[in-house]
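The values are calculated or read from the model by the stated rules, or taken from the named source; none is laboratory data. The model shown is predicted, which means the values in this text are computed figures rather than measured ones. So basically every Cβ, Gly included, is an ideal-geometry build from the backbone, and we count neighbours across all protein chains shown. SASA here: full protein model, heavy atoms, side chains in, ligands and nucleic acids out. Shrake-Rupley method; radii C 1.70, N 1.55, O 1.52, S 1.80 Å.
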Amino acid sequence: MKRTSPQSNVDTGCESIRWKGREATQLTNGVVELIALTGGGHLAEFRLVEQNGLPSQNVFWEAPWETVDPASGRSEELSKTYGSPETGKFLAGYTGHALCLDYFGPPSRDEAAAGLALHGEAAATHWNVTCPMDITETACQWNVQLPTAQLKFERKIRMGNRESVVYVEESVSNERSVDHACHWVQHATFGPPFLNALESTFVVSAQRGMTSPLGYEGRSLLASDQEFSWPHAPREAADGFADLRQPFSVKGRGFLAAAQMNIEREVQYVLAINWKQRLGMGYCFRRTDFPWMTIWEENGVRQNGPWNGNAQVRGMEFGTTPFPLGREEILRREHLWDTPCRCVVPAQETRTARYIAFLFTIPVGMHSVQNAEAKGDVIVLNGEGPDFSLSMSAHGCEDFLLANKKQGETEEFRDRQEKRSACD
């Protein structure tokens, strides 16, 4: 249901729409607009509302090929042109920001035989959507059943009043009678025209990193299985380091790497900024919920369909595990650098995580961003020097992010106890 705001004469609320022929829900508060697909739950568009001369650019990567809803029946046919059936089932519906649950990466042999897709059931399943009757706020709720994993997932999205911020709460409920270890990753991707080599940079609260042990399609920009300090990772050609803040630096080279989020910070951030447009997009999230970030870049490497050698996409994928190596990785590697590489949902219980996503415009004279913080009722971006900062309204943002603090502290205590018992 949409309504008109008396303050701005702009439509606000949520309504069902078609997005490139697909079933979707559009939320807007008169400042920003978010579009979420019912098929797979992908966040397809996030943009400023076109008014007052502000740039109205979708900050998410849009798949350059035709995509369809999983329930349409056409995804199986399309998947034949997108590689293996399990990969095609994901790519046929994927765009923008996807949820990877309950594993991150390819399915196991048994999972593939059972018809499961790359990155788990959630991103290739029809989601149910409910728009609340309360017309005082812009909000919506989605839920999806994962029958093979025996998990129930729920996502609630709310927009602040006259803010460029969305508040996201996600819950995973374990319907099994035993604890369930899984991966839970926010597969957020960016691409042209918002993201490009000459105008864009990333700012991330990362510290330590590791390059993929498997390289990248035989044409990796980075050396394999090497540790590094963010943001400079060793190049495959052994001719120095690549600055991972800069996207698409070498055409025909891609990479996969992992970054450990800053262990000294409770709330983490990732920002994508186009300096020519003076437009930026950011996420803030708790390290206890999502302690890792996978950095993936495809830059004209993959020649097979649907990539066809001309796709540019950068993933900044924050989650519970460093690499998309599938379920076997859940069992093989529990920790890296004393940081968990999976999450556990106790039997018959629910685990909840929260994050915020926001858009901002960079004021003239501000030429860098060094830090982002959610403090009280504002998000603050700091540049070089005390005189260069940007504050945006985000009512209750700090309390929202830290609402699960007790849950996180309990999990960290259990984790320390398990490691101590293993050493005894």
Quiz prompt | Top-ranked residue in the stretch 100-124 [being under 25 Å from ALA36 (Cα atoms) and assigned to a helix (DSSP H, G or I); ranked as most open to solvent (accessible area, probe 1.4 Å)] | solution = ALA124
Quiz item: Can you tell me which residues in the stretch 382-398 are acidic (Asp, Glu) and modelled with pLDDT of 95 or more?
Solution: GLU398
Exercise. For residues that are assigned to a loop (DSSP other than H, G, I, E, B) and either open to solvent by 40 Å² or more (accessible area, probe 1.4 Å) or under 30 Å from THR28 (Cβ atoms) (or both), tally how many sit in the stretch 125-155.
Key: 12
Exercise. For PRO192, state whether it is modelled with pLDDT under 95 and either assigned to a loop (DSSP other than H, G, I, E, B) or open to solvent by less than 10 Å² (accessible area, probe 1.4 Å) (or both).
Key: no
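Looking at HIS187, HIS183, which one is in contact with a His (Cβ under 7 Å, 6 or more places away or on another chain), buried (at least 16 other Cβ atoms within 10 Å of the Cβ) and of a type outside the set (S, T, N, Q)?
Values: HIS183 fails: in contact with a His (Cβ under 7 Å, 6 or more places away or on another chain).
None of the other options fit; the residue is HIS187.
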Exercise. Counting only residues that are open to solvent by less than 20 Å² (accessible area, probe 1.4 Å), give me the strands (runs of 3 or more DSSP E) lying completely in the stretch 210-282 with at least 2 of them.
Key: 255-261, 267-274
Practice problem: Could you tell me which residue of the stretch 350-378 is nearest to SER56 (Cα to Cα), considering only residues that are β-branched (Val, Ile, Thr) and in contact (Cβ under 8 Å) with a residue 40 or more places away in the chain? | Solution: THR361
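Restricting the stretch 79-99 to residues that are assigned to a helix (DSSP H, G or I) and not charged (D, E, K, R), which is most open to solvent (accessible area, probe 1.4 Å)?
PRO85
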Quiz item: If you go through the stretch 289-327, how many residues are under 16 Å from the mean Cα position of the chain (by Cα) and outside any strand (DSSP E or B)?
Solution: 8
Exercise. Sort out which residues of the stretch 150-201 are under 21 Å from GLY40 (Cα atoms) and either among the hydroxyl-bearing types (Ser, Thr, Tyr) or more than 21 Å from the chain's Cα centre (by Cα) (or both), and write them in order of number.
Key: GLN150, TYR167, SER171, SER173, ASN174, GLU175, THR189
Quiz item: Are any residues in the stretch 328-355 open to solvent by 60 Å² or more (accessible area, probe 1.4 Å) and not in a loop (DSSP other than H, G, I, E, B), and if so, which ones?
Solution: GLU328, LEU331, ARG332, THR350
Quiz item: Which condition does VAL267 not pass, out of (1) within 21 Å of HIS335 (Cα to Cα); (2) without any contact (Cβ under 8 Å) to a residue 40 or more places away in the chain, if it passes all the others?
Solution: (2)
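Name the residue, out of THR25, THR12, that is in contact with a strand residue (DSSP E or B) (Cβ under 7 Å, 6 or more places away or on another chain), buried (at least 17 other Cβ atoms within 10 Å of the Cβ), closer than 20 Å to ARG158 by Cβ and modelled with pLDDT under 90.
Details: THR25 fails: modelled with pLDDT under 90.
None of the others qualify; the one that does is THR12.
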